[in-house]
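Here's the structure, in structure tokens; my notes come after.
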Amino acid sequence: MTGERGRGAVLHALAALVFISGIWWWWRAAPRQSVDDRLAGWRHSAEQLLPDVGDQEMANTLALGAGTGHEEIVDVGQGGFLISVVCAGDDGSRVRVSFGSRDDSGRGLPCSGPRTPEVFSVGLVGELRLRIAVETAGPVVFRYALQRSNG
């Protein structure tokens, strides 16, 4: 009986060792996310330039790579809205912002230098389609806020 118990203990110890080794290997082999420290500063800058306010419908901050695009679709109901946008990034970085149809080439927005939020007044029925296209210089941080207009 003691021999069987000894073999059982060794078997359990080996199984635990294999399990722990597998977890260690899995943790070490997991891909590391490279974090650009500039993004944190740009995010802070964009959120300071366009802070959350009490009467806004929603706001979002996005980190986007060079040459990429992103589309936000937000259910908003019907009415007049103010959409404020701001971008932060390296020298020469720009985004193109458009609302609605894909044919709209949008408006260029610099992400470097002195930045101030741009505000657009739009009438919406049902949803907001916001398209952001980052030009060749990037990454950038883009922030937008949506609130109903009072008129």
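Couple of notes before you dig in:
- Taking all Cα pairs closer than 8 Å and separated by 6 or more residues, the relative contact order of the range 16-151 comes to 37 percent.
- Hydrodynamic radius of the range 39-151 per Kirkwood, over alpha carbon pairs, in Å: 14.1
- By a 1.4 Å probe calculation restricted to protein chains, Phe19 has an accessible surface near 140 Å², given to the nearest 10.
- A simple spin-label model places pseudo-atoms 7 Å from Cα toward Cβ; at Ala15 and Leu82 they are separated by 6.6 nm.
- Computed FRET value (nearest 0.05) for Thr68 with Trp25, which takes r as the C-beta separation and R₀ as 41 Å: 0.80
- Amide H contacts under 5 Å for Cys111, placed H, 5+ residues apart: Ser93, Arg94, Val95
- Shown for the chain: the carbon plus sulfur share of the solvent-accessible area, taken with all protein chains present and a 1.4 angstrom probe, equals 56%.
- In sequence order, the range 80-91 has phi-based couplings of x, 9, 10, 10, 9, 9, 8, 9, 9, x, 5, 4 Hz under the Karplus curve 6.51 cos²θ - 1.76 cosθ + 1.60, θ = phi - 60°, and Gly or Pro positions carry x.
- Annotation: amide H of Glu57 within the under-5 Å range of Leu146, Gln147, Arg148, sequence separation 5 or more or interchain, hydrogens built in the peptide plane.
The values are calculated or read from the model by the stated rules, or taken from the named source; none is laboratory data. Not measured: the values here are computed from a predicted model. Every residue, glycine as well, gets a Cβ built from its backbone with ideal geometry; the counts of neighbours run over all protein chains shown. All accessible areas refer to the heavy atoms of the entire protein, side chains included, with ligands and DNA or RNA removed. Shrake-Rupley method; radii C 1.70, N 1.55, O 1.52, S 1.80 Å.
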